[in-house]
1. So for the chain, taking the charge dipole from beta-carbon charges (+1 Lys/Arg, -1 Asp/Glu), which of VAL73, PRO39, TYR29 sits furthest toward the positive end?
2. Mind checking the dipole of the chain: about its Cα centre, +1 per Lys or Arg Cβ, -1 per Asp or Glu Cβ, Debye to the nearest 20?
3. How large is the helix-only mean residue ellipticity at 222 nm for the chain, computed as the sum of -39500 (n - 2.57) over DSSP H runs with n ≥ 4, divided by its residue count, in deg cm²/dmol to the nearest 500?
4. Pick the calculated Cα extents along the principal axes in Å for this structure from (1) 57, 42, 24; (2) 42, 33, 17; (3) 80, 38, 23?
5. Could you go through segment 31-47 in sequence order and give the Karplus-derived ³J(HN,Hα) for each residue, using 6.51 cos²θ - 1.76 cosθ + 1.60 with θ = phi - 60°, rounded to whole Hz, and x for Gly and Pro?
6. Let me have the relative contact order for the chain, percent, based on Cα pairs under 8 Å that are six or more residues apart.
7. Angle check, please: helix 59-101 long axis (alpha carbons) against the longest principal axis of the chain (alpha carbons), in degrees 0 to 90, nearest 10.
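What follows is calculated from the coordinates using simple rules that are stated; it is not laboratory data. All figures in this text were calculated on a predicted structure; none of them were measured in a lab. Every residue, glycine among them, receives a Cβ derived from its backbone with ideal geometry; neighbour counts consider all protein chains shown.
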Amino acid sequence: MHESVGCNDMTTWHDFARATNKLGLGYLYDNEPGFNHPPLMGLLAGFCEKVSLATGARFEVLFKAPSIMADMVSATLIHQTWQLRRRAMRRWRSRSSAGARRPFS
């Protein structure tokens with residue numbers, strides 16, 4: 001059975017990770033024109049490769065996990081914000097409709 005690593009970006013990032021761990025982040029900036037990313041991304045890739053080698057976990061999963069978790073947190077916060085807004089709108093509507101029935105109270 002063949003397992004996909006996803007898009008070609010994962011192969012590139014895995015190469016960046018190996019180079020970061022073997023040669024250092026400065027080497028990438030000096031010698032790899034395709035590496036035009038913030039230093040934290042290079043360090044993250046290197047860290048994910050080290051964890052992958054130590055645990056046997058797939059590099060692709062480790063590298064994508066922080067972004068997936070950030071998306072999940074963002075979606076949860078947006079959902080909670082809209083739930084609060086929906087409740088506030090219901091209260092406002094119920095108050096405004098009650099006042100419309102009693103204009104001279």
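1. Most positive-ward Cα: VAL73.
2. Value, rounded to 20: 1700 debye.
3. Computed mean residue ellipticity for the chain: -27500 deg cm²/dmol.
4. Entry (3).
5. Values, residue by residue: 10, 10, x, x, 8, 10, 10, x, x, 4, 5, x, 5, 4, 4, x, 5 Hz.
6. 20 percent
7. On a 0 to 90 degree scale, this one is about 10.
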